[in-house]
Every structure is written in structure tokens, then in C-alpha cells.
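Q: Before I ask anything, let me first share the structure, which is written out below as C-alpha cells.
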Amino acid sequence: MSLKDQLIKDRLPKHVAVIMDGNGRWAKKRGNSRVFGHKNGVKAVREVTEAAAELGIGYLTLYAFSTENWSRPKAEVEALMALLVSTISSETKTLMKNNVRLNTIGCRDALPKAVLAKLESCIEETSSNSGLTLTLALSYSSQWEIIEAVKTISTKVKDGSLLVEDITSENFGAYLSTSGMPDPELMIRTSGEHRISNFLLWQLAYAEFYFTEILWPDFRKEDFYQALMDYQGRERRFGKTGDQVKA
Ligand code: IPE
Ligand code: IPE
Ligand code: MG
């Protein structure tokens, strides 16, 4: 039986988050420039998106560019932005075919106009799709997002439209850019790095983490199924004891 067939369909996560890492090292191993690695990462994005859509997973969030990534060499940043534009152009038809809706989180104002324009037209074109919601985290940092939420909340408290005692861990999420989405139950990071690099700090509070040595450009559907299999073997306790969970 294939890995895909072994997955228990009603126990799939509703939301999977991925830190797509290792493009630079993948290219370096081949004696190529880092940008070559980024270009070869596009296929992995397509594979994972398609796999998630086919399985009926509701939300897939991909960390594509962090706020901290702006400090990379100018040429790499420019190449990444250009790659974003060309990828969105070429992939829109695949998104339509797979009934995928595009969404973004992060500081939109920091993105070059050409990127923003492409993103907005793809978001518009895919807005009626009812399958997977694919969220690209672009110029995203979780600390930035939390600070933005705190500013909004402070303003509301100041003008009297929100009471301090009404701020709870249940409704705080509504002030984050992931508002309306369930929190990810599974977070995958490729390339052997074991850190979350300012990604979804609030939302990953109870996520299961899956780390793999595979470099992002080599990541394929089977690797995604493997991560899901691993997730399905976990016991999620949420503070309770194992016996309580089983009962
Ligand atoms: C992930 O690959 C892609 C981005 C962060 C944009 P990296 O570019 O971080 O690759 P490594 O970690 O240097 O190998
Ligand atoms: C995190 O990867 C950001 C993305 C995958 C877009 P990095 O490779 O930039 O993370 P650090 O800085 O090594 O932790
Ligand atoms: Mg990296």
C-alpha cells in the first residue's frame, strides 16, 4: 500500500505550516549559485500544494521570505523577488486547476510594487476557489505580527471600544494576520535546522513539529505524506495525561 493510502483521511491536520529551508545549501552542493537553489525550490512548492489540495487539507502556509531575509545580499533578495513574480504568473493556472485560493501574510508595504501587483491579481483570480487556502508568508515575522496586534488592541482600549478584561487567549488570534484560520497542527521544517525562525510563534503553541534533513528543492509529495504519517502517530495531549487522552 502506498504511503498516501496509509494515511487516515479523517485524522489529517486542517492546517500545515512549512518552513521551506535549504535552497542555498542544495545549490552549493551542486557548485551553483544560491539563486539556482531558489529556482529549484519552485517544484517542491508545486508538489506540496498539489498534495495538500488532493488530500483535502484546508490550509497550507509556506514561509517564503522572512523579515530577517531582507538582510541577505541585495542580488539574492532581488532574484527572490523576481522569482516570486514569475512563479505567481506561471503557477496561477495550476492553482485554478487544483481549486486553490491564494492568500498572503506579512508586511505587504515592504514588498516591491511588481510583487504586490502580481500577488493581488492572483489573489483576486483565485478568490472564488473553495479548496485549499495557500498562504505565502512574505516579509513575515511573527514578532512583527504580534506587535501589530498589540498596537491595534491598544488603540481599541484607548478609544473605549475594547475592555482590557475582554482580551483573552481565545480572541487574541483574531488580531493576527492568520485570523479566521485554524492554528497549524503540524509544522514541517526541511534542511535539518531545528528552529522556528520567527514563524507563527503564537499559532504554533500546540503544533507538532516535524524536522527532516531533506533540502527544500528535493522535497516531494512522498516526503509530505511521510510527515503526515509521522503526525498521525503522535499522541496530542494538550496538558492532559496519556491515559486521559486514551479514555
Ligand atoms: C530557504 O532556503 C529559502 C529562503 C529563506 C528564502 P535558504 O536560502 O535559507 O537556504 P540555506 O538555508 O541557505 O541552505
Ligand atoms: C527561514 O529560513 C525563512 C524562510 C524559510 C523563508 P532562514 O534560512 O532564513 O532561517 P534562519 O535565519 O537560518 O533561521
Ligand atoms: Mg536557510
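Please treat every number below as a calculation from the coordinates, not as lab data. None of these values were measured; they are calculated from a predicted model. All Cβ positions, even for glycine, are placed from backbone atoms using ideal geometry, and neighbour counts span all protein chains on display.
Q: Counting other Cβ atoms within 10 Å, keep those with at most 11, restrict to DSSP loop, and tell me which chymotrypsin sites (Phe, Trp or Tyr not before Pro) in the range 160-247 are left.
A: Loop-located and lightly packed - 238.
Q: Which longest uninterrupted range of the chain lacks any trypsin sites (Lys or Arg not before Pro) assigned by DSSP to a loop state (not H, G, I, E or B) and surrounded by at most 15 other Cβ atoms within 10 Å?
A: So the longest stretch without any such site is 31-194.
Q: Restricting to DSSP H runs of at least four residues, report the calculated mean residue ellipticity at 222 nm for the chain, -39500 (n - 2.57) per run over all residues, nearest 500 deg cm²/dmol.
A: -13500 deg cm²/dmol
Q: So, R0 is 35 Å and r is the distance between the beta-carbons of residue 163 and residue 8; what FRET efficiency does that work out to, to 0.05?
A: For residue 163 and residue 8, the calculated efficiency is 0.20.
Q: Further, regarding this structure: Can you list the lysines whose alpha carbon is less than 25 Å from that of residue 74, not counting same-chain residues fewer than 8 positions off?
A: 28, 29, 39, 43, 113, 118
Q: Compute the distance from the alpha-carbon center of the range 116-134 to that of the range 1-47, in whole Å.
A: Centre-to-centre distance over Cα atoms comes out at 21 Å.
Q: Could you pull out every one of the lysines with an alpha carbon less than 21 Å from that of residue 246, ignoring same-chain neighbours closer than 8 positions?
A: Counting by Cα, and skipping residues close in sequence, residue 246 has these lysines nearby: 9.
Q: I'd like the GluC sites (Glu not before Pro) in the range 151-247 restricted to DSSP loop residues with at most 12 other Cβ atoms within 10 Å, sorted by number.
A: Here the sparse-neighbourhood loop sites are 170, 213, 235.
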